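Report on one structure; see the data block that follows.
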Amino acid sequence: MTTDMNDQRGSADSGVREELLAASDATIEDAVSFADPMVLRGLIYQFTGDPEIAETAFEYQPGFLFVEGAGLSEEDDALIRRKAVAFLQAYRDSGAGELGVGPSDRLPASIALTVGHEIEPDYLDFLLEELALNPWTRGLEWEEKPPQRCEEFLVTVIGAGMSGLNAAIQLKRAGIPFQVIEKSDGSGGTWYENRYPGARVDTPSKLYTHTFGVDYSYPYAFCPWTENLKYLDWVADTFNVREDIIFQTEVRSLVWDEAKSMWEITVEGPEGRRTLRSNAVITAVGILNRPNMPEDLPGIERFEGPSWHTSHWPSDFDPTGKRVAVIGTGCTGYQLVPELALEAGHVTVFQRTPQWLFPVPGYLSPLPPQVGWLDRNLPYYTNFTRLRIASGFAGAFEGDFQRIDPDFQDEHAVNPTNKAARDRCIGFLREKLPNEELVRTMTPKHPVFSARAVIVDPERSILDAIQRDNVTLVLDGIRGITPTGVETEDGTVHAVDAIVYATGFKATEYLFPMSITGRNGMTVEKLWSQTGAQAYLGTMIPGCPNLWTLWGPNTNGGLPIPAIQEMATHYALKCIERLILDDKRSIDAKEEPYRRYNEMIDDRNRQLVWSDPRAQNYYWTRFGRSATQNPLNTLETWSMLREPNFADLDIR
């Protein structure tokens, strides 16, 4: 374990801020003019306890997904900014040195001022975690000094993406030996592999960080893949785990050795096939890592030009002047086409199903430099910004729009709030498209949020791209691939120079293609043969002792991906702690709690919009259940994973 692991925060609250010391009053005033006033409202109150700030009024006005309506009056907005400028000037004049966050008993009020409403007591602890004043808030704090056995308990992490890196760092900090197996030749997971033009997050980047990365300053509100990879490289290098990763090595199988309480891990890499042994395994392979190629598409192998899945974008491909076909119009296709059309000679887009679009102003734009200045020079601004966005994210995904109201009669929506969201989406289509025929073409038949919606920039998106002279939108089904192009059902052959398959991933095939054999010869394949992928709390599989999955079955939705991954890692480490401190050898989910939990998940999912049969999405499986979606709210998920219920677990 590195000796300085507990001191690594980034840079925000240690040392002297030389940049602030050199800043003029005008520079400070300019930067504060770009700040989120609600962030300033909570943060400056936390520092000062100023009653005038506490008395400012905020009236929540529902917005559109991540876009919230204004709720502060002009007078209160100006007052808050004025006080923030005065605070920064005084802090600068005092030497801009290390600064504490203020009294802890003031935090509940400061959090409420930041998020714009009173906080339920049960919800406060979760928001304190998201605030990340303690960057290791989701790490393991040993209940007692670990015994010698801790040094002999080896954990293997499979995957070096966002969740795998977090697991490695938390294990290193806890002093538990580990190794990471990564199939690619670099870390970063999906952002190492997905490099197609236009690839970027649809979660606010401030939430697309670990709690220990709270001070990392992103240049975009929603970062492109290059910045996401840069962050993950920063994580691997800053916390010294790159040296613990075995690259270009893929796990083929896991077999549990009951006599030795160890996993036998067969891997294949540059040294050929070999077997490793480990006391525990944490799988961090994600769900967006195995391309879903349309292998049953006739003639796919006959095409004479280059073709590839978006996750295998060739770095040497120059689209200039070329005719390019894009098959698939999910999130990936809608991100890709506008960028590709800027350079390609012609882009032919084959659309089977349109997707709902949510316009977010500034989605493609870099943040003003003043925002980065605030990240660096206003202590804890990054923390309170994260808190503000996290509360908005939770609110957006816990509203009534998801729940099916059986008494609501509308052929296009599942409840009044869901209909209002649909009306907003249709309004956006009408703003952007020249005629009602095209609006109908781009209007999905399924209700809003029954399939993954697509975040777009209102200034430049797929809606602008399909109106370009060099873009053709094809709605006919595809009959097959010919040597020179794509043939549609009407017999037309669309001649192209290259074909791009934006056909998504095998998201419901968790842990594929690994073979996993647990206790008494039980295989995960057999366990899931009648139900599809399931897990206890989304992270443990009965019959597979000492095995945890991150972003496992039914953990998608309701929480940002890094948060659910951190929570599952914390849960796994608490289980490992129990094994080590109690001198036990294995811990496993019991069958009955596993069944009970998944029956509850299935029942809750059936009540939500993504169970609507009109939707074509990657959420649902051939077994009539969702293997991906989490119907629980933030507090429910957090509470279940915060402390293991050991009565549900078989410890030997």
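Residues that are outside any loop (DSSP other than H, G, I, E, B), out of contact with any strand residue (DSSP E or B) (no Cβ under 6 Å at 6 or more places or on another chain) and among the hydrophobic types (A, V, I, L, M, F, W, C) within region 509-541 comprise just one, L527.
Which one of these is hydrophobic (A, V, I, L, M, F, W, C) and farther than 28 Å from M442 by Cβ: V285, V337, V324? That would be V285, the only listed residue that is hydrophobic (A, V, I, L, M, F, W, C) and farther than 28 Å from M442 by Cβ.
Does R92 meet the test of being open to solvent by less than 40 Å² (accessible area, probe 1.4 Å), closer than 27 Å to E19 by Cβ and at pLDDT 95 or above? Considered against the rule, which asks whether it is open to solvent by less than 40 Å² (accessible area, probe 1.4 Å), closer than 27 Å to E19 by Cβ and at pLDDT 95 or above, R92 comes out as yes.
In region 236-255, the residue that is most open to solvent (accessible area, probe 1.4 Å) out of those that are within 19 Å of Y192 (Cα to Cα) and among the hydroxyl-bearing types (S, T, Y) is T238. On the stretch given as region 269-285, residues that are in a strand (DSSP E or B) and either open to solvent by 70 Å² or more (accessible area, probe 1.4 Å) or within 14 Å of T156 (Cα to Cα) (or both) total 10.
Table: residues versus (1) within 15 Å of N289 (Cβ to Cβ); (2) touching a residue at least 40 places away in the same chain (Cβ under 8 Å); (3) open to solvent by 30 Å² or more (accessible area, probe 1.4 Å); (4) in a helix (DSSP H, G or I).
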{"position": "G164", "(1), (2), (3), (4)": "yes, yes, no, yes"}
{"position": "A167", "(1), (2), (3), (4)": "no, yes, no, yes"}
{"position": "Q170", "(1), (2), (3), (4)": "no, yes, no, yes"}
{"position": "I176", "(1), (2), (3), (4)": "no, yes, no, no"}
{"position": "Q179", "(1), (2), (3), (4)": "no, yes, yes, no"}
{"position": "S184", "(1), (2), (3), (4)": "yes, yes, no, no"}
{"position": "S187", "(1), (2), (3), (4)": "yes, yes, no, no"}
{"position": "P197", "(1), (2), (3), (4)": "no, yes, yes, no"}
{"position": "D202", "(1), (2), (3), (4)": "no, yes, yes, no"}
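Name every residue in region 398-430 that is of a type in the set (G, A, S) and closer than 17 Å to P613 by Cβ, in order of residue number. Once the filter is applied, which keeps residues that are of a type in the set (G, A, S) and closer than 17 Å to P613 by Cβ, region 398-430 yields only A413. Right, P553: in a loop (DSSP other than H, G, I, E, B) and either open to solvent by less than 10 Å² (accessible area, probe 1.4 Å) or closer than 30 Å to L387 by Cα (or both) or not? So P553 passes the test. Residue-level analysis places I426 outside the set of residues that are of a type outside the set (D, E) and modelled with pLDDT under 95. Do you know which residues across region 113-155 are open to solvent by less than 50 Å² (accessible area, probe 1.4 Å) and free of Cβ contacts under 8 Å to residues at least 12 places away in the same chain? The answer is I119, and nothing else.
Residues in region 45-63 that are touching a helix residue (DSSP H, G or I) at 6+ places or on another chain (Cβ under 8 Å), surrounded by 13 or more Cβ atoms within 10 Å (Cβ to Cβ) and at pLDDT below 95: F58 alone.
Rundown of residues vs (1) within 20 Å of L131 (Cα to Cα); (2) open to solvent by less than 10 Å² (accessible area, probe 1.4 Å), yes/no style:
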{"position": "T310", "(1), (2)": "no, yes"}
{"position": "P319", "(1), (2)": "no, no"}
{"position": "P366", "(1), (2)": "no, no"}
{"position": "P379", "(1), (2)": "yes, yes"}
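Yes or no, residue by residue, for (1) closer than 30 Å to V241 by Cβ; (2) in contact with a helix residue (DSSP H, G or I) (Cβ under 9 Å, 6 or more places away or on another chain); (3) open to solvent by 10 Å² or more (accessible area, probe 1.4 Å); (4) modelled with pLDDT under 95:
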position: S14; (1), (2), (3), (4): yes, yes, yes, yes
position: R17; (1), (2), (3), (4): yes, yes, yes, no
position: L21; (1), (2), (3), (4): no, yes, yes, no
position: E29; (1), (2), (3), (4): no, yes, yes, no
position: L40; (1), (2), (3), (4): no, yes, no, no
position: L43; (1), (2), (3), (4): no, yes, no, no
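Pairing residues of region 523-545 that are crowded, with 19+ Cβ neighbours inside 10 Å with residues that are acidic (D, E), at Cβ distances under 6 Å and at least 6 apart in sequence or on separate chains, gives P542/E591; P545/D588. Has region 593-610 got any residue that is open to solvent by 20 Å² or more (accessible area, probe 1.4 Å), within 30 Å of I176 (Cα to Cα) and charged (D, E, K, R)? No, because not a single residue in region 593-610 is open to solvent by 20 Å² or more (accessible area, probe 1.4 Å), within 30 Å of I176 (Cα to Cα) and charged (D, E, K, R). Checked against (1) of a type outside the set (A, V, I, L, M); (2) within 35 Å of the chain's Cα centre (by Cα); (3) under 30 Å from V281 (Cβ atoms), Y501 passes all but condition (3). Just one of the listed residues (R138, R106) is in contact with an Asp or Glu (Cβ under 8 Å, 6 or more places away or on another chain), of a type in the set (K, R) and at pLDDT 95 or above, namely R138.
Looking across region 621-634, the residues that are open to solvent by 20 Å² or more (accessible area, probe 1.4 Å) and either under 19 Å from the mean Cα position of the chain (by Cα) or of a type outside the set (A, V, I, L, M, F, W, C) (or both) come down to T621, R622, G624, N633. Out of curiosity, is S311 in a loop (DSSP other than H, G, I, E, B), under 26 Å from I455 (Cα atoms) and in contact with a Lys or Arg (Cβ under 9 Å, 6 or more places away or on another chain)? Criteria not met by S311.
The values are calculated or read from the model by the stated rules, or taken from the named source; none is laboratory data. Note that this is a predicted model, so its numbers are computed, not measured. Note: ideal-geometry Cβ built from the backbone for every residue, glycine included; neighbour counts use all protein chains shown. Note: areas computed on protein heavy atoms with side chains; ligands, DNA, RNA excluded. Shrake-Rupley method; radii C 1.70, N 1.55, O 1.52, S 1.80 Å.
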